[in-house]
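Written below as structure tokens is the structure these notes are about.
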Amino acid sequence: MSQYQDDIKAITGLKDKEGSAWNAINPESAARMRAQNRFKTGLDIARYTAKIMRDDMANYDADSSKYTQSLGCWHGFIGQQKMISIKKHFNNTDRRYLYLSGWMVAALRSEFGPLPDQSMHEKTAVADLIRELYTFLRQADARELGGLFRQLDAAQGAAKQAIQEKIDNHITHVVPIIADIDAGFGNAEATYLMAKQMIEAGACCIQIENQVSDEKQCGHQDGKVTVPHEDFLAKIRAVRYAFLELGVDDGVIVARTDSLGAGLTKQIAVTREPGDLGDQYNSFLDVEEVSTESMSNGDVVIKRDGKLLRPKRLPSNLFQFRAGTGEERCVLDCITSLHNGADLLWIETEKPHIAQIGGMVKAIRKVIPNAKLVYNNSPSFNWTLNFRQQIFDLMKSEGKDVSAYERSALMSVEYDGTELAIAADEKIRTFQADSAREAGIFHHLITLPTYHTAALSTDNLAKEYFGDQGMLGYVAGVQRKEIRQGIACVKHQNMAGSDIGDDHKDYFSGEAALKASGKDNTMNQF
């Protein structure tokens, strides 16, 4: 017997026990409402989705073609539409997640208005967005099941059984969210408190970075400042404690390192003996040897191997790392994080280059063989130019004639149909599969895709609608495509919950229900 049938039976028993006072209660209606509300709390979601991620991680370890993907979201409707589209096109949600970008929360969800990605937005905005995303995903379940229940009522014989099987085997739209906690928005206690909010909202996976919280910058901007390892590890432990306190024992922590592009530190690490973690962090500092006589007032010095060394200190009071040490620092960051409770890694890079990423992962895997990455397929990269330049360099190294191309101008449309451009596009197409195989990338995400698609589609609509095309700009550019592509929100009343409300009115009021879905509802035109 299915869960749906079990619930009908259980609620029938409750109704019989309560007697005549429950005469108007229909057990099947109540069972339908239960089916449409499978996840009662955010913690239910966090536990359910954590298992999905852990299973996916194990599957990837066995077969690197089983990598996972997500797209960034800044509104519940965006996340809902992604998962509805994925189910429509692929008939499942396997290995497809959602990503919650701190950049988009700052730029689009703060009461201060648009902000840069510098942790200036309200802390609670992140948990609020997680809660909102799952509200919309749960509504997508309710809407889809509501349609199946209406089909069930109208069906007969074998058709009825087929619909019942769809209900019994319903695939939820609820999937894991990888949620960005930036640098923790404060000290380790602040990180713990914020992580708890995010987990209670439904997050099974939290991504945290090794930048200084009050100096935090977007990973693709200049001026990034990292913290000594012990400071970062305290925050990783804070997130783990939050997961354990709330009973999400297999919650996932993504440790992100920004060291590749971060040339600064605010602190000199505490070190107790040569070669310890603090000493390793300090070994990358840009220093000069000094004597007690050559020291100036206010100088900070460290002693190593019997020598006095003065780290280069900038007017900002920050200390500078030696140039060219970024990759080595990333490797140390990653190994240290995995040895101290992190589950996945994130290396923020300046370009999408498999050899560069793979080189660092190879070094990490010498110590931790199953190290896996989450990777930002960032819109901050000029993918076209980067890959065309990579193909240009490859062709040149192979002795091919590249005289028809100007390397610095390869973005130009004049190159679009060339052999070089076609080869570059193929490398872009296969980048995720190639880097999953060759560079240990378990999860590929695009941080800000819907920020850009919203801007692009709005620009196209505004140009047509306010120009010569008038209403045809909307009809041809939007509505006609929605109808022909089967986009669910063409029935926008249904998407907003109108039919679900009508079902409930039936349950609550019976024949007296005043419903919206009658013959005069213009949604019937679709």
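The values are calculated or read from the model by the stated rules, or taken from the named source; none is laboratory data. Keep in mind it's a predicted model, so treat the numbers as computed, not measured. Don't worry about glycine lacking a Cβ; one is built from the backbone with ideal geometry, like all the others, and counts go over all protein chains shown.
Would you please name the residue that is surrounded by the fewest Cβ atoms within 10 Å (Cβ to Cβ), looking only at residues in region 362-406 that are among the hydroxyl-bearing types (Ser, Thr, Tyr) and either in contact with a Lys or Arg (Cβ under 7 Å, 6 or more places away or on another chain) or under 30 Å from residue 336 (Cβ atoms) (or both)?
Narrowing region 362-406 to residues among the hydroxyl-bearing types (Ser, Thr, Tyr): 375, 378, 380, 384, 397, 403, 405.
With either in contact with a Lys or Arg (Cβ under 7 Å, 6 or more places away or on another chain) or under 30 Å from residue 336 (Cβ atoms) (or both) added as a condition, the list becomes 375, 378, 380.
Working: 375: 24, 378: 20, 380: 15.
For region 362-406, the residue satisfying everything is 380.
Take the residues in region 258-291 that are of a type in the set (Gly, Ala, Ser) and within 13 Å of residue 305 (Cβ to Cβ); name whichever of them is surrounded by the most Cβ atoms within 10 Å (Cβ to Cβ).
Start the filter on region 258-291 by keeping residues that are of a type in the set (Gly, Ala, Ser), which leaves 259, 261-263, 269, 275, 278, 283, 291.
Restricting the remaining residues to those that are within 13 Å of residue 305 (Cβ to Cβ) gives 275, 283.
Details: 275: 9, 283: 20.
Looking at residues that are of a type in the set (Gly, Ala, Ser) and within 13 Å of residue 305 (Cβ to Cβ), I get 283.
Restricting attention to region 322-350, and to residues there that are out of contact with any helix residue (DSSP H, G or I) (no Cβ under 7 Å at 6 or more places or on another chain) and hydrophobic (A, V, I, L, M, F, W, C), which single residue is farthest from residue 442 (Cα to Cα)?
323
Which one is farthest from residue 371 (Cα to Cα) among residues in region 437-452 that are crowded, with 21+ Cβ neighbours inside 10 Å and more than 17 Å from the chain's Cα centre (by Cα)?
Top of the filtered list is 439.
For the list (1) more than 28 Å from residue 70 (Cβ to Cβ); (2) at pLDDT below 95; (3) among the aromatic types (Phe, Trp, Tyr), I need the number of the one condition that residue 451 fails.
(1)
Regarding region 173-193, can at least one residue be identified that is at pLDDT below 95, out of contact with any helix residue (DSSP H, G or I) (no Cβ under 8 Å at 6 or more places or on another chain), part of a strand (DSSP E or B) and on the phi < 0 side of the Ramachandran plot?
No: zero hits.
Looking only at residues that are exposed (fewer than 14 other Cβ atoms within 10 Å of the Cβ) and of a type in the set (S, T, N, Q) in region 480-526, which one is modelled with the highest pLDDT?
Per the criteria, the residue is 485.
Identify, please: which residue in region 12-46 is more than 20 Å from residue 140 (Cβ to Cβ) and of a type in the set (Lys, Arg) and is, among those, surrounded by the most Cβ atoms within 10 Å (Cβ to Cβ)?
15
Only one of these is of a type outside the set (Ser, Thr, Tyr) and closer than 24 Å to residue 431 by Cα: 37, 59. Name it.
Working: 37 fails: closer than 24 Å to residue 431 by Cα.
Testing whether each residue is of a type outside the set (Ser, Thr, Tyr) and closer than 24 Å to residue 431 by Cα leaves just 59.
Among the residues of region 55-77, write down those that are surrounded by 16 or more Cβ atoms within 10 Å (Cβ to Cβ) and in a helix (DSSP H, G or I). Break it down stepwise before answering.
Step one: filter region 55-77 for residues surrounded by 16 or more Cβ atoms within 10 Å (Cβ to Cβ), giving 56-57, 59-60, 64, 66-77.
Answer for region 55-77, where residues must be surrounded by 16 or more Cβ atoms within 10 Å (Cβ to Cβ) and in a helix (DSSP H, G or I): 56, 57, 59, 60, 76, 77.
Find all pairs meeting these conditions: Cβ atoms under 7 angstrom apart; at least six residues apart or on different chains; first residue within region 399-417 and farther than 21 Å from residue 381 by Cα; second residue among the charged types (D, E, K, R) and surrounded by 13 or more Cβ atoms within 10 Å (Cβ to Cβ).
Short answer, once both residue conditions are applied: 402/396.
In region 458-479, what residues are within 33 Å of the chain's Cα centre (by Cα) and loosely packed, with under 12 Cβ neighbours inside 10 Å?
Of everything in region 458-479, those that are within 33 Å of the chain's Cα centre (by Cα) and loosely packed, with under 12 Cβ neighbours inside 10 Å turn out to be 458, 459, 462.
What do you reckon, is residue 378 outside any helix (DSSP H, G or I), farther than 27 Å from residue 288 by Cα and modelled with pLDDT under 95?
Numbers: outside any helix (DSSP H, G or I): yes; farther than 27 Å from residue 288 by Cα: yes; modelled with pLDDT under 95: yes.
Yes.
Would you list the helices (runs of 4 or more DSSP H) that sit entirely within region 405-473 and hold 3 or more residues that are within 29 Å of residue 362 (Cβ to Cβ) and of a type outside the set (S, T, N, Q)? Walk me through it before giving the result.
Values: elements: 419-429, 431-438, 449-465.
The qualifying helices (runs of 4 or more DSSP H) are 419-429, 431-438.
Please enumerate the residues belonging to region 249-270 that are outside any strand (DSSP E or B) and not polar (S, T, N, Q). Write out each step before concluding.
Of all residues in region 249-270, those outside any strand (DSSP E or B) come to 249-251, 258-263, 266-270.
Answer for region 249-270, where residues must be outside any strand (DSSP E or B) and not polar (S, T, N, Q): 249, 250, 251, 258, 260, 261, 262, 263, 266, 268, 269, 270.
Tell me the strands (runs of 3 or more DSSP E) entirely within region 279-340 that contain at least 3 residues that are not hydrophobic (A, V, I, L, M, F, W, C). Give the derivation first.
Values: elements: 287-290, 302-304, 307-311.
Output list reads 307-311.
Is it true that residue 430 is more than 27 Å from residue 109 (Cβ to Cβ), surrounded by fewer than 18 Cβ atoms within 10 Å (Cβ to Cβ) and among the hydroxyl-bearing types (Ser, Thr, Tyr)? So that I can check it myself, show each step before the final result.
Numbers: more than 27 Å from residue 109 (Cβ to Cβ): yes; surrounded by fewer than 18 Cβ atoms within 10 Å (Cβ to Cβ): yes; among the hydroxyl-bearing types (Ser, Thr, Tyr): yes.
Taking the combined requirement at face value, the residue satisfies it.
Take the residues of region 86-134 that are in a helix (DSSP H, G or I) and free of Cβ contacts under 8 Å to residues at least 24 places away in the same chain: which is surrounded by the most Cβ atoms within 10 Å (Cβ to Cβ)?
Taking region 86-134 as the starting set, the residues that turn out to be in a helix (DSSP H, G or I) are 86-90, 102-108, 124-134.
Filter once more, keeping what is free of Cβ contacts under 8 Å to residues at least 24 places away in the same chain: 86, 89-90, 106, 125.
Values: 86: 18, 89: 8, 90: 11, 106: 25, 125: 15.
Checked region 86-134; the qualifying residue surrounded by the most Cβ atoms within 10 Å (Cβ to Cβ) is 106.
When only residues in region 348-357 that are touching a Ser or Thr at 6+ places or on another chain (Cβ under 8 Å) and either polar (S, T, N, Q) or over 19 Å from residue 254 (Cβ atoms) (or both) count, which is surrounded by the fewest Cβ atoms within 10 Å (Cβ to Cβ)?
356
Name the residues in region 79-119 that are under 13 Å from the mean Cα position of the chain (by Cα), within 15 Å of residue 135 (Cα to Cα) and of a type in the set (A, V, I, L, M), would you? Working first, answer last.
Let us first name the residues in region 79-119 that are under 13 Å from the mean Cα position of the chain (by Cα), namely 79, 82, 95-105.
Applying the additional criterion that residues be within 15 Å of residue 135 (Cα to Cα) yields 79, 82, 98, 100.
Answer for region 79-119, where residues must be under 13 Å from the mean Cα position of the chain (by Cα), within 15 Å of residue 135 (Cα to Cα) and of a type in the set (A, V, I, L, M): 98, 100.
Inspect region 327-345 for any residue being surrounded by fewer than 21 Cβ atoms within 10 Å (Cβ to Cβ), among the small types (Gly, Ala, Ser) and closer than 21 Å to residue 57 by Cβ and give the result as yes or no.
yes
Read through the list (1) surrounded by 13 or more Cβ atoms within 10 Å (Cβ to Cβ); (2) without any contact (Cβ under 8 Å) to a residue 24 or more places away in the chain; (3) of a type in the set (A, V, I, L, M, F, W, C), then give the number of the only condition that residue 455 fails.
Evaluating residue 455 over (1) surrounded by 13 or more Cβ atoms within 10 Å (Cβ to Cβ); (2) without any contact (Cβ under 8 Å) to a residue 24 or more places away in the chain; (3) of a type in the set (A, V, I, L, M, F, W, C) leaves (1) as the failure.
When both residues are 6+ apart or on different chains and their Cβ atoms are under 6 Å apart, which pairs have a first residue that lies in region 49-63 and is among the hydrophobic types (A, V, I, L, M, F, W, C), and a second that is at pLDDT 95 or above and surrounded by fewer than 18 Cβ atoms within 10 Å (Cβ to Cβ)?
Close Cβ pairs (under 6 Å, with a partner that is at pLDDT 95 or above and surrounded by fewer than 18 Cβ atoms within 10 Å (Cβ to Cβ)) amount to 50/250.
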